[in-house]
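Below you'll find the structure, written out as structure tokens, and then a few comments.
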Amino acid sequence: MTDDRKLLDELLNKQKAGTIKPSDRYAIPPQQMPAQDPGQRCGNVSEVALGYTEIQARLEAMRCLQCKTAPCVEGCPVRIRIRDFIAAIAEGHYDEALAIIKENSLLPAVCGRVCPQEVQCQEKCTVGKKFKDVDKAVAIGRLERFVADRAGSVPSVPKVASPTGKKVAIIGSGPGGIVAAADTRRAGHDVTIFEAFHKPGGVMVYGIPEFRLPKAIVQQEIDVLTQMGVKIVCNFVVGRTRTIEQLMKDDGFDAVYIGVGAGLPAFMKIPGEHLVGVYSANEYLTRANLMKAYDFGKGADTPIAVSKRVAVLGGGNVAMDAARTAVRLGAEKVYLVYRRSEKEMPARVEEVHHAKEEGVDFRLLQSPKQILGNSDGHVIGIECLKYELGEPDASGRRRPVPIEGSEFTLDVDTVIVAIGNGANPLIGQTTPGLELNKWGNIVVDEKCRTSLEGVYAGGDIVLGAATVILAMGQGRIAAAAINEYLANKK
Amino acid sequence: MSHRIVSKKQLSENVFTIEVEAPLVAQARRPGQFVIVGVNDDYGERIPLTIAGADVEKGTIRLIWQRVGKSTSEMADLKEGQSLGYVAGPLGKHTHIEKFGTVVCVGGGIGNAPLLPIARGMKEAGNSLISILGARTKELLILEDEFAALSDELIVVTDDGSYGRKALVTEPLAEICGRNRKPDLAVAIGPAIMMKFCCETTRKFNVPTQVSLNAIMVDGTGMCGGCRVEVGGQTKFVCVDGPEFDGHQVNFDMLMKRLNAYRTLEQKAHEAYKQHRCRIGLGK
């Protein structure tokens, strides 16, 4: 019997006898996530984090103090009963744990992997607070992933109420759209998802890389929707193929949820951004993920730059995804240029850690001044300035201030700009009467209602840059509002 | 939704046209808009192509394309009765069509295809239509009959003089702009280099000129940003802000460089595909 197994049995016995003390729980070492070796994973696109073993999961679950107040739940955007599902894992009741999660979250296999738990549930965790280190909080996300993965490849199909005769259109098949579709379908409505791309899944298939979120997991969730009777129409660009007005007036849709996601990428407005070899992270990741450019010449037809030296600009999760994708596409040197310090980086700690392990060179407190090109218009370098931290700005983070005369050049052949997105203009341009804010995002109330009757919206098109879980949260709110609206609509 | 090819014709050595089922696109499309097509769902490239025409009754659209790389070759190898993997659209803003007076439409090579619906729209709006069609050589000239039927005046030029007048399109364009009653609008569609010189020509005569840009893009719906061009010193996106722009404001040199971004990779893929075709006995 291994030491871990022995430790678990002792703890379970104490728990049964009612003699387990918080000090016993604090003494359990935080369980490390098994991961693919950095040297090996740089050469493939397979998932990096491999998932807990059963013993690890139960030991990690035993670290949970089962606080009466369950502060972790407060930190969860969709209010999963975290304490209860963790208790079920500790007991070895994985199906029950999964059922508890599914009361509130439709996509545990996805959220267990990509939610920023360290600023949500785990930030509130008493165990983490005790150690004054959020990294030592109970690994709620890893436990969520454990039960989701354990359920195997056949997720249960939720029950669908008898037909209401009402039709709902969901625009976009990303996380928000999937949740809104499932929840409105459960209520018995006739639901159709319209997706502009040739494959459903939204950012989970075009943006988040395979090594962080395997596409097969997303496909499983899409398959569940299909089994529930949700229709999915790809290659349908709402606003162009049909407008929202046409869907509602001519095609008989009673309600619409707009979840079209991120829009046009932001650029830095510095000289050289039109050079060949400058990508938005959206484009770079779409080519690499959705279009599988990593297999160019081996079946895939979409090319991507063959880069030796890459600079990624930005410090968020998308920047990490782009940098780590460049590593896997064979770049010899990948810089990540960010104008603040590591503390201000919006990326998840885990992603930063993985990127460093994979050899990404973090150039902090540096920012590009211009991108340099040769006579063919190809990138040959990037001129940067060094920065220091000044007074806090409106975001509460210390403002980076350039150091005069500190210019230097990095030799690179590819630059990937990952500094965020604007709003997609298509729906706004083609939907008269839809209220937008000054950035072009759709204005909604607390029920995700837009200015047009029967039209709801959520996710990035409302929030600007958000996360999978926030989009899901809005999809759920909107679906509840749609169900209520349709129940009262004649 | 199936996108069956209902008819296919070869217009010249490397130029093909199909009518393909896409009823919703046929219904919604207007001159100047494009579609993104894919031969297959998994590994295929997303290919943007301007819509050359549509038949709402039959639910078909007409596409014309040139075989330049692997994906366009694969498309050319499809036969009548076979289907495209997908057709998404119509995309982009449509052409602003009204009665301007006299409109001169300049097409170069494959550019005649997207130009045709615009020329037709301009004619139907009551404009007097002058068309200039150019090609490198006689065999590469396409859609002459269609333009002849529409135009009040048609000028055909070839680079080598094998058909029509031996000239570049800019020569007759300059003459027309120099007439007593200069045209009220020029529309130029063709290779970037041709559009650039058309714009330089019309600029001298102060004739407003629209061009349709064929930038490299992935999604075509305003997400990837690959199709950015510089227009009047500002970054614009061809897929949602265009594809048509004021030609006098476009930075063509930058566009041309960006169009060459994948040339080497594409040539490799095309060569490999040609060898593969030989081995499996497709084509010649």
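The values are calculated or read from the model by the stated rules, or taken from the named source; none is laboratory data. All figures in this text were calculated on a predicted structure; none of them were measured in a lab. When we count neighbours, we look across all protein chains shown, and the Cβ atoms used for this are built from the backbone with ideal geometry, even at glycine. Quick note on the areas: whole protein, heavy atoms, side chains included, nothing else; ligands and nucleic acids left out. Shrake-Rupley method; radii C 1.70, N 1.55, O 1.52, S 1.80 Å.
With a 1.4 Å probe and all protein chains left in place, how much of the accessible area of the protein assembly as shown comes from carbon and sulfur atoms, in whole percent? Don't jump to the answer; show the numbers that get you there.
Working: 15880 of 31670 Å².
Looking at the protein assembly as shown in its full context, I get 50 percent from C and S.
Rounded, prolate or oblate for the protein assembly as shown? Axes are the square roots of the Cα gyration tensor eigenvalues, ordered a ≥ b ≥ c, and the cut-off for rounded is a/c under 1.5.
prolate
Can you list the HN-Hα couplings for region B:61-71, worked out from phi with the Karplus curve (6.51, -1.76, 1.60; θ = phi - 60°), rounded to whole Hz and with x for Gly and Pro?
These are the phi-based 3J(HN,Hα) values: 10, 9, 10, 10, 8, 10, 6, 10, x, 5, 5 Hz.
Quick one: which residues, 5+ away or cross-chain, put their amide H under 5 Å from the amide H of B:THR95? H built at 1.01 Å from N.
B:GLY32, B:GLN33
Any lysines with Cα under 17 Å of the B:LYS58 Cα? List them, leaving off those in the same chain fewer than 8 positions away.
Candidates past the 8-residue exclusion: B:LYS8.
For B:LYS9, give me every one of the aspartates and glutamates with a C-alpha distance below 20 angstrom, ignoring sequence neighbours fewer than eight places off in its own chain.
B:GLU19, B:GLU21, B:ASP55, B:GLU74, B:ASP77, B:GLU80, B:GLU139, B:GLU144, B:ASP145, B:GLU146
So which residue, out of B:PHE205, B:PHE34, B:PHE147, gets the largest mean-square fluctuation from a GNM of chain B using Cα contacts under 10 Å as springs?
Answer for the Gaussian network model of chain B: B:PHE205.
Taking the highest mean first, how do the peptides B:12-23, B:254-265, A:414-425 order by number of other beta carbon atoms within 10 angstrom per residue?
A:414-425, B:12-23, B:254-265
Over 32 Å between C-alpha atoms is what I'm after, so list which of A:LYS298/A:LYS386; B:LYS79/B:LYS196; A:LYS166/A:LYS199; A:LYS167/B:LYS70; A:LYS292/A:LYS356 land there. If you can, show how the numbers build up before the last one.
On the way: A:LYS298/A:LYS386 42 Å; B:LYS79/B:LYS196 36 Å; A:LYS166/A:LYS199 26 Å; A:LYS167/B:LYS70 42 Å; A:LYS292/A:LYS356 24 Å.
With Cα atoms farther than 32 Å apart: A:LYS298/A:LYS386; B:LYS79/B:LYS196; A:LYS167/B:LYS70.
If packing is taken as the average number of other Cβ atoms within 10 Å across a peptide's residues, how do B:38-48, A:197-207 rank, most packed first? Don't jump to the answer; show the numbers that get you there.
On the way: B:38-48: 19.5, A:197-207: 24.5.
Sorting B:38-48, A:197-207 by mean packing, highest first, produces A:197-207, B:38-48.
Show me you know the interface measure: the accessible area buried between B and A, both chains summed, probe 1.4 Å, in Å² to the nearest 100.
Chain pair B/A: roughly 3900 Å² of buried accessible area.
Sketch the reach of a paramagnetic label on A:SER162 as a point 7 Å from Cα along Cα-to-Cβ, and name the residues of region A:467-490 whose backbone nitrogen lies under 13 Å away.
From region A:467-490, the list is empty.
Sorted by packing (mean other beta-carbon atoms within 10 Å per residue), highest first, where do B:107-113, B:49-55 land?
B:107-113, B:49-55
Apply the Karplus parameterisation 6.51 cos²θ - 1.76 cosθ + 1.60, with θ equal to phi minus 60°, to every residue of region B:103-109 and state each ³J(HN,Hα) to the nearest whole Hz, in sequence, with x for glycine and proline.
Those phi angles translate into 10, 9, 9, 10, x, x, x Hz.
Cross-link partners among lysines for A:LYS6, C-alpha distance below 18 Å, same-chain residues fewer than 8 apart left out?
Qualifying lysines at Cα under 18 Å: A:LYS14, A:LYS16, A:LYS21.
Hey, got the average number of other protein chain Cβ atoms within 10 angstrom for residues in B:87-94?
The mean count of partner-chain Cβ atoms within 10 Å per residue comes to 4.
Just the number, please: percent antiparallel of the DSSP beta bridges in the protein assembly as shown, rounded to the nearest 5.
50 percent
For region A:414-423, in order, what is each residue's ³J(HN,Hα) by Karplus, 6.51 cos²θ - 1.76 cosθ + 1.60 with θ = phi - 60°, in whole Hz (x at glycine and Pro)?
9, 10, 10, 8, 10, 10, x, 10, x, 8
How long is the gain from A:ASP361 to A:THR226 if the chain were fully straight, where each residue apart is worth 0.36 nm and the alpha carbon distance is subtracted?
Taking A:ASP361 through A:THR226 to full extension adds about 44.3 nm, to one decimal.
How many Å² of accessible area per residue for region B:142-212, probe 1.4 Å?
On a per-residue basis, 47 Å².
Would you mind checking which residues have amide H under 5 Å from B:SER128's amide H? H placed 1.01 Å from N; only 5 or more apart, or other chain.
The list, which skips near neighbours in sequence, is B:GLY101, B:THR102, B:VAL103.
Determine the shielding of peptide A:290-297 by partner chains: average, over its residues, the number of Cβ atoms on other chains within 10 angstrom of each Cβ.
For this peptide, the per-residue mean of nearby foreign Cβ atoms is 4.
Across the residues of A:230-241, average count of Cβ atoms on other protein chains within 10 Å?
Across the residues of A:230-241, the mean count of other-chain Cβ atoms within 10 Å is 6.
Taking Cα pairs under 8 Å and at least six residues apart, what relative contact order does chain B come out at, in percent?
16 percent
Near the amide H of B:TYR86, under 5 Å away, which other amide H atoms are found, from residues 5 or more places off or on another chain, if H is placed in the peptide plane?
B:GLY38
Specify the inter-centroid distance of region A:187-217 and region A:84-134, based on alpha-carbon positions, in whole Å.
About 23 Å separates the Cα centre of region A:187-217 from the one of region A:84-134.
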